[in-house]
Amino acid sequence: MTPILELRNVSKIFGGGLLNRNRTTAVDDVSFSIPSDAPSITAVAGESGSGKTTLSRLLLGVTKPSSGEVLYNGAPLAKVKGEGRKQFLRDVQPIYQDPFGVYNPFYRADHLLFAAVEKFKLAKTEQEGRRLIQDALETVGLRPDEVLGRYPHQLSGGQRQRVMVARALLLQPRVILADEPVSMVDASLRATILESLRALNRDFRISILYVTHDLTTAYQICENIIVMYQGTVVEAGAVEEVILSPQHPYTQLLVDSIPRMQAVRNWEQEEQEATLASVDESSQQSAGCRFADRCPAVMSKCWTENPDLYSLSPHRVARCFLHEEHPNFKQADVAQTFVRQP
Amino acid sequence: MARFTQAKDANASEPVLQINDLHVHYETADGPVKAVSGVSLTLHAGERLALVGESGCGKTTTALALMRLLRPPARIVQGEVWLDGRDLLTLNEEEMRLTRLDEVSLVTQAAMNALNPVMRIEEQIIDGIEDHGYRRSKTANQEHVRSLLANVGLDARVARMYPHELSGGMKQRVGMATATALRPKLIIADEPTSALDVVVQRQVMTTLGRLQRETGAAVILVGHDMGLIAQFADWVGVMYAGKIVELAPIRKIVEQPQHPYTKLLLQSVPGLGEKRDRLVGIPGMPPRLLNLPPGCLFAPRCPAVMPHCHQIEPALLPVEPEQQVACHLFTESQPHTQRAEVES
Amino acid sequence: MTNTVDTIVSGDRASGDPASGGRQPLPDPAPVPSRRMRNFLLYLRRNPTLIGGIGLLLVIALFVVVGASVTDPTDAQPLAYRPSQPPSAEHWLGTDRLGKDILAVMVEGTPQTIRIGLIAGAIGVAIGTFLAFFSGYYGGALDTIVRSVVDILRTIPALIVLVIIAISVPFQMSVEMMALIVAALAWLGPTRVLRSQVLVMRQQSYVELARFTGMSGPEIIVKEMMPNLMPFIVAVFVSAVSGEVLASIGLEALGLGPFEANTLGMTIYWNIWYASLINGWWWWWTPPIIVIVMLFVGLFLVSQGLDEWANPRLRKSV
């Protein structure tokens, strides 16, 4: 079956050109797909500069690939126009990181809900539209009267982000691309918002791409995960495998760095600070593996050769020479390793 | 532990920091917003206290009030902040300026962006030192800067760099180097790593921990990430609506939280253990701190609410050794204190 | 390091955590328009620049209204009275070399000059807004062309271009014609200034979200972007008016204006033609200069004041 959204060997290079030597490869030859059946929640995880946000913006069609193809229902997204474009908007919707910037300061906060009802012709009468909006707000745990008629600055960060979830609920697209939806709200609200995202997936069968730097929440709400480092996929597969027993040294480092409540004051006992601090967020690029300069298990060939993705198990791939004995991952599309709920 | 005024410990050293009944208001057109109401704390040398709570609970305001860095419309309306024998709230501006950095210093996320872009790191740190009346030879100063940078895990080359040449984590380390330049007795760290990636966050926090051990300073860490706090703090003060509702060692907070709010706060943070069917946040919203109703401010959101919670405000009382809670669930078992509370 | 520390605090307050100041919801959703109005009036008190500018313009308006009640339009025609008379009870501002009552000339000419500015400014800002939004929003080749044309034209002294246009007009010059001529270049400034604002605004998430709500480009420009730039567009308009008044006075003083009219620029032209300065007819050249200076200062202050209102970053803190 044709996936609803697909990246085929997509790279995105920012900058460059004749005079500008500051080229950044944000996404480097990534293939990935979101199937049109079996809706699931997939995490795209990584640090800043990993290319995770660019990946979701490529899928949204707001960033054009430098090479490779972005496909929507098998057709190049850039060529989707007219009716097809309308259908695309019905199928694919974003949720942004900054829950304030999505509100036009000129309008009340409900503007984006009413605009959505109007443009997508969700209701025949204004009254019906209002009722739809109220229902959606209640479903995400907001009292309509705390939102309707207010200006965005009068809402809390959590309320603003939940209004965005309510908007997604109104539109009921088939795919939501959520870029760090909870990184700007505090921990207690995170749970509420993530739970409503999960409800969108479970109750309305919406596929969600959850772009995040937070592996804990990724583990909690996602079935599958892609871990990115400097534009490449370093490890991907089922969250249970990838997060609970990471095989790529970078994923191991990330998982290790999660502050754990259960292991009180564990960090300073381990004191790996000294070795790590010297490299800090490094930026040197080597010809080989991009992670070589930070890798605790670096080998000499890592500096010169770039490892392929290896299939460690049916539901996991990793890009590291430590796993060279495993077969190369043949299909480019990393989503092929994902677990799918029936 | 001589944390609590009630507890008597003959061997306890004098506290480094003692906050008595601190109140901070934000003056608005609609009346005062009571951001901090009646926070009292005692901190000894070398202790690390974390203040935790939702946004708007007053944790940052409390921290900034200690440094007297609040700007109008915020106003400290009442309280004492004793730092090493002096009440900071009675100092004049110049005395306070000299006290900052020298005796109490601040590490924040914003500090990363507060570096002067056209000055070398070395010059900025020396500037800060000399600003406080410490004059030494140039070489002595440079030597000092190098040792400070080494302390935070930065190469000596960083001294000659400009801020734009540094990554976020490195800037935060410079911030910590500056904050410890004069060996202050108290370091206030206000969400120092919230803009950093997890790997760097871990490094920065471990560095801060080591600095604390080496200088023996007391630290107040302000944050909302329970996991991070568990990795750093000795003590946790859980704040809600401008008050401390639970104060206990980190282990007790994590293993046997008592206040319903603390429990909910901990529950809302998922871990890597078992996968949960449902993520549960804290229901409802924090109150707007204007025209406060009587009784416990958490009552409207509390799963264990009782009728009298809406009338009588619970006081912060010890429920176990080293653990204080402000909740009527526990005042019941202590009739004496409850009566005292009602009378007051 | 104290200044470092200051920055920390202001930065932190902006980010909003400390207590309820910024982030807690305010419980007054209902009477928003009146609240906006009240806020604006409250704000005016903190913006003396805007008040001063509006005040100066009101003084000019008052002068015209009061003057109109004591003079007759026919007084401003040549040979109406004895020429070159100093101020007297009958002619409060005296008469000029052509025999016009100077008060009547000012009463007729001041609104004419302002009209030229308003027409040319409106045309300029309308074209500029249109070009800025479409080129800034859509980008691409259109944007490159607009940007290049604006940049190139701005390097040529405007007066030279206007002089060439004015001398090639084949028929009798009128006040309206004058307005259209200065409008020929009036869109350059507004286009450039507004385009940069549009480029910034285009990056906002709400503009991108509007695309995902299915809004078309023009719809996004009109409904989502323009309302937010309205205060800014008004500020640009005011400064455009002042620029076009200056351009028209320049052309008229060179003798390229409407000879039948009594605009401020033409009055200056006649002053030069009859060498009033040397002849000691001070009452003839002072009124237009005073009005012109007041007009410019007034418009400048209003434009600055509006700019501060439109650009909160320039706003002084309370």
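Just a few scattered comments:
- Highlighted here are the helices (runs of 4 or more DSSP H) found entirely within region B:77-196 that include at least 2 residues which are of a type in the set (Gly, Ala, Ser) and either free of Cβ contacts under 8 Å to residues at least 60 places away in the same chain or on the phi < 0 side of the Ramachandran plot (or both): B:109-113, B:138-151, B:168-179.
- Number of residues in region B:104-133 that are within 21 Å of the chain's Cα centre (by Cα) and surrounded by fewer than 19 Cβ atoms within 10 Å (Cβ to Cβ) equals 1.
- Qualifying residue in region C:89-99 (condition: part of a helix (DSSP H, G or I) and in contact with a helix residue (DSSP H, G or I) (Cβ under 8 Å, 6 or more places away or on another chain)): no
- Residue that is nearest to the other protein chains (Cβ to nearest Cβ), among those in region C:208-244 that are β-branched (Val, Ile, Thr) and free of Cβ contacts under 8 Å to residues at least 60 places away in the same chain: C:THR213
- Any hit, region B:77-96, residues being surrounded by fewer than 24 Cβ atoms within 10 Å (Cβ to Cβ), of a type outside the set (Phe, Trp, Tyr) and in contact with a Pro (Cβ under 7 Å, 6 or more places away or on another chain): no
- Residues located in region A:101-129, provided they are out of contact with any strand residue (DSSP E or B) (no Cβ under 9 Å at 6 or more places or on another chain), buried (at least 18 other Cβ atoms within 10 Å of the Cβ) and in a loop (DSSP other than H, G, I, E, B): A:GLY101, A:TYR103, A:ASN104, A:TYR107, A:ARG108, A:ALA109, A:ASP110
- Count of residues meeting criterion [under 30 Å from A:ASP37 (Cα atoms), in a loop (DSSP other than H, G, I, E, B) and either among the acidic types (Asp, Glu) or under 23 Å from the mean Cα position of the chain (by Cα) (or both)] in region A:302-342: 14
- The condition of being buried (at least 20 other Cβ atoms within 10 Å of the Cβ), small (Gly, Ala, Ser) and in contact with a Leu (Cβ under 6 Å, 6 or more places away or on another chain) does not hold for B:ALA299.
- Single residue of C:ALA166, C:ALA158, C:ALA179 found to be closer than 27 Å to C:LEU142 by Cα and either within 20 Å of the chain's Cα centre (by Cα) or among the aliphatic types (A, V, I, L, M) (or both): C:ALA158
- Subset of region B:137-156 (residues that are at pLDDT 85 or above and either of a type in the set (D, E, K, R) or touching a helix residue (DSSP H, G or I) at 6+ places or on another chain (Cβ under 6 Å) (or both)): B:ASN141, B:GLU143, B:VAL145, B:ARG146, B:LEU148, B:LEU149
- Selection of first residues in region A:55-74 that are within 14 Å of A:ASN9 (Cα to Cα) and of second residues that are assigned to a helix (DSSP H, G or I), restricted to Cβ pairs under 6 Å at least 6 apart or on distinct chains, gives the following pairs, ordered by first then second residue: A:PRO65/A:LEU58; A:VAL70/A:LEU58; A:VAL70/A:LEU77.
- Condition check for A:LEU200 on (1) in a helix (DSSP H, G or I); (2) over 12 Å from the mean Cα position of the chain (by Cα); (3) closer than 30 Å to A:CYS289 by Cα; (4) of a type in the set (A, V, I, L, M, F, W, C): one failure, at (3).
- Residue match in region A:50-68 (condition: within 14 Å of chain B (Cβ to nearest Cβ), part of a loop (DSSP other than H, G, I, E, B) and crowded, with 18+ Cβ neighbours inside 10 Å): yes
- Selection within region A:230-248 - touching a residue at least 60 places away in the same chain (Cβ under 8 Å) and surrounded by fewer than 24 Cβ atoms within 10 Å (Cβ to Cβ): A:GLN230, A:GLY231, A:THR232, A:ALA238, A:GLU241, A:GLN247
- Complete set of residues in region B:149-166 that are surrounded by fewer than 18 Cβ atoms within 10 Å (Cβ to Cβ), closer than 17 Å to B:LEU196 by Cα and within 12 Å of another protein chain (Cβ to nearest Cβ): B:GLU165
- Condition check for A:ALA274: aliphatic (A, V, I, L, M), at pLDDT below 90 and closer than 15 Å to A:PRO296 by Cα: yes
- Residues that are free of Cβ contacts under 8 Å to residues at least 12 places away in the same chain and out of contact with any Ser or Thr (no Cβ under 6 Å at 6 or more places or on another chain) within region C:78-125 comprise C:SER88, C:ALA89, C:GLU90, listed in sequence order.
- When residues of region B:61-76 are limited to those that are assigned to a strand (DSSP E or B) and either more than 9 Å from chain C (Cβ to nearest Cβ) or of a type outside the set (A, V, I, L, M) (or both), the one surrounded by the fewest Cβ atoms within 10 Å (Cβ to Cβ): B:ARG75
- The set of residues in region B:208-239 being more than 8 Å from every other protein chain (Cβ to nearest Cβ) and among the polar types (S, T, N, Q) consists of B:GLN212, B:THR215.
- Here A:LEU194 fits the description: out of contact with any Lys or Arg (no Cβ under 6 Å at 6 or more places or on another chain), facing chain B (nearest Cβ under 7 Å) and buried (at least 23 other Cβ atoms within 10 Å of the Cβ).
- Every pair of residues 6+ apart whose Cβ atoms lie under 7 Å, when the first sits in region A:186-213 and is without any contact (Cβ under 8 Å) to a residue 24 or more places away in the chain and on the phi > 0 side of the Ramachandran plot while the second is assigned to a loop (DSSP other than H, G, I, E, B) and surrounded by fewer than 22 Cβ atoms within 10 Å (Cβ to Cβ): none
- The lone criterion from (1) in contact with a helix residue (DSSP H, G or I) (Cβ under 6 Å, 6 or more places away or on another chain); (2) among the aliphatic types (A, V, I, L, M); (3) within 13 Å of chain B (Cβ to nearest Cβ) left unmet by A:ALA218 is number (1).
- Some residue of region B:202-214 being touching a helix residue (DSSP H, G or I) at 6+ places or on another chain (Cβ under 8 Å), over 30 Å from B:VAL39 (Cα atoms) and not basic (Lys, Arg): yes
- Checked against (1) more than 16 Å from B:GLY53 (Cβ to Cβ); (2) part of a loop (DSSP other than H, G, I, E, B); (3) of a type in the set (Lys, Arg), B:ARG210 passes all but condition (2).
- Test: residue in region A:251-264 that is buried (at least 24 other Cβ atoms within 10 Å of the Cβ), modelled with pLDDT of 90 or more and assigned to a strand (DSSP E or B): no
- So B:GLY242, is it farther than 19 Å from A:ALA263 by Cβ, within 8 Å of another protein chain (Cβ to nearest Cβ) and under 17 Å from the mean Cα position of the chain (by Cα): yes
The values are calculated or read from the model by the stated rules, or taken from the named source; none is laboratory data. Note that the structure is predicted; figures quoted are calculated from it, not measured. Counting neighbours? That spans all protein chains shown, and the Cβs are built from the backbone with ideal geometry, glycine included.
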